[in-house]
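Written below as structure tokens is the structure these notes are about.
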Amino acid sequence: MTENQMPALEDSCGSSANLSVRIDALFAPWAKADSPGAVVAVRRDGREIHRGYYGLAHLPHTIPLSGHSVIRIGSQTKQFTVLLAMILETEGKLSFQDDVRRHLPWLPEFPRTITLQHLAANVSGLRDYFEIMALVGQSPLSPTPVTLQLRMLREHAAVNFPAGDDLSYSNTGFLLLQQVIEQVSGRSYNELLHDRITGPLGMRDTRMMKHDDEILPNLADHHTKGPDGTWRRAFWSGYEANGDGAIVSTLDDMLIWLTNLNDPKVGAAELARMAQSGAMVNGRPSPYGLGLDMSTYRGYRSIGHGGTMAGAKSEGVRFPDLGLDIIIVANTDDIAPFLMARRIVDAVLGLPPGPPHSTAASARFAAATGLYRDETTDDVFAIALKNGVPVLSGDEIEEVEPGVFERLLQRNVGSLRLIPRPDGDIDGDWFGRKRRYRRLDDVAPAVPANAAGRYGDPTLALEAEIVLEADAARLRIHSSFAQLEAVLRPVAPGLLLVQPISEAKVPEPEPPTWRWVVRVLPESILINGGRIMGLRLPRLH
């Protein structure tokens, strides 16, 4: 889209005042005297057209949020980590083509060389260490220093896929990049961040905060809702945050950062590389760059990143075709900034909220609610209606062509396209790799009796046990440092949904919720789901 084709703000929604009314309405549920909330800024062509502070930074003292409130930005940290690594590359201290084991020789040998480029582009194949923690029952509330995180990776030699073969969002890559950065520079992440990026740009309140018990000026409390619906402070008190999500910042500082992304004063050449596809997957460009995510919404390109961390969420995104910049930083985890940013785009364009769907398409999806499974990958998703609009495992779906849909992913990155079939199945396309999702029967079979037993792989330092009880089936996974207890729900012959007991809900919702999928094979089990693919545990005799 050319500049002359850009929709005019005044033409699309009348005035900046009307735009602010629509944005205020989006955040009205949190604009209360007893609620945490979010800080929001919207710019068009460099001019700020909306700024809003919704809710409180500190509930006990009714201190409102402001442009100076310091809040975790979660995975938006990744763009800073990649830029620091690139600056060190320019200085000759590393190369993005380096084997990561050149710098971190304690890592296990992998099926294929993993480079720093693979780490930054989310194509390393390394399993997400957060997902490994969850799978073995290690809570972020438990003591989890970086030494334990690295030990997990040293003990987990298997990968989701050989490096470069596929795309899977992995915090592990950015944890390792931080280790490399600090090793080759001989300095701490915070020192480098200040010297190379935040200091020169004047981002005074942006830094790494490793632990939730740190005290910083203007630091807002972070919040979640308890089982009774009341607000509680959110802590990942035992978890040591790092280069994948440790940075705290403010609305004012993140606006400075967006200015630098649009008109770089720091890292111009590096930022240009970061905003290009970071890898080819099956001959197609990946929508993830290097620490930045590229996608489209309503046909308009977006470049940015979101983040989630310990009772906080954020989104920083640019829509260059619209000249639009959006920053949302929330001190509660019950706001969805990714979707809110797209609702702001709807408001700017003067369109009804929500991704476009034809009437026929909406009706087809509405009639197709239920669970679906790709038998090749064991990828399972649920189609449900939310406020009368079809969603796919909680994510919105956008009709990008007549009868062709894309999943608007909030937690992962990718380009899964879906095409409903007349026979009730759904065709999928993942980087040109064809998938066929078949609807699962409403009446599930029993858990197969031969599933009971112990499974394990010494190369992964992991052992599992399936226990069949009179009224339930359970999965226990043991590692060298933690244990998971989960319930199993059969949904197809030999296919079980896994839900940690700590996350199980009573009564169980429909569609059900789950973290992973277990397929029972004659002499092994195969675990898939989230950011873990093809984890095979042979039966122990």
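Throughout, read-outs are computed from the coordinates displayed, never taken from laboratory work. Fair warning: this is a prediction, and the values are worked out from it, not measured in the lab. Because the Cβ atoms are built from the backbone with ideal geometry, glycine has one as well, and the counts that use them run over all protein chains shown.
Here are the numbers for the structure shown:
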| item | result |
| --- | --- |
| Separation of alpha-carbon centers, the range 242-291 and the range 311-373, rounded to whole Å | 21 Å |
| Sorted peptide list for 200-213, 338-351, criterion being average Cβ within 10 angstrom, highest first | 338-351, 200-213 |
| Under the Karplus curve 6.51 cos²θ - 1.76 cosθ + 1.60, θ = phi - 60°, whole-Hz ³J(HN,Hα) for the range 462-473, x wherever Gly or Pro sits | 9, 9, 10, 9, 9, 10, 9, 10, 4, 10, 6, 10 |
| Gyration tensor (Cα) of the range 449-538, equivalent ellipsoid semi-axes in angstrom | 20, 15, 13 |
| Radius, Kirkwood style, for the range 359-439 when every pair of distinct Cα atoms is counted (Å) | 12.7 Å |
| Selection from Val136, Met309, Leu107 lying farthest towards where the dipole of the chain points positive, charges on Cβ | Leu107 |
| Segments 231-237, 259-265, 289-295, 303-309 sorted - mean Cβ within 10 Å per residue, highest first | 289-295, 303-309, 231-237, 259-265 |
| Dipole moment magnitude, nearest 20 debye, the range 396-479 about Cα centre, only Lys, Arg, Asp, Glu C-beta charged | 300 debye |
| The range 208-286: relative contact order as a whole-number percent, Cα under 8 Å and 6+ apart | 24 percent |
| Cut-off under 5 Å, modelled amide H: who pairs with Tyr297 long-range | Ser302 |
| Relative contact order (%) - criterion: Cα under 8 Å, at least six apart; region: the chain | 15 percent |
| Mean Cβ count within 10 Å, highest first, over the residues of peptides 313-322, 33-42, 420-429, 521-530 | 313-322, 33-42, 521-530, 420-429 |
| Residue-wise HN-Hα coupling along the range 369-377, computed from phi with Karplus coefficients 6.51, -1.76, 1.60 (Hz; x: Gly, Pro) | 5, x, 9, 10, 9, 8, 5, 7, 9 |
| Order of Leu468, Leu255, Leu135 under a 10 Å beta carbon neighbour criterion, fewest first | Leu468, Leu255, Leu135 |
| Over 26 Å (Cα to Cα) - which of Lys32/Lys210; Lys210/Lys505; Lys32/Lys78; Lys32/Lys225; Lys78/Lys505 fall in this group | Lys32/Lys210; Lys210/Lys505; Lys32/Lys78; Lys78/Lys505 |
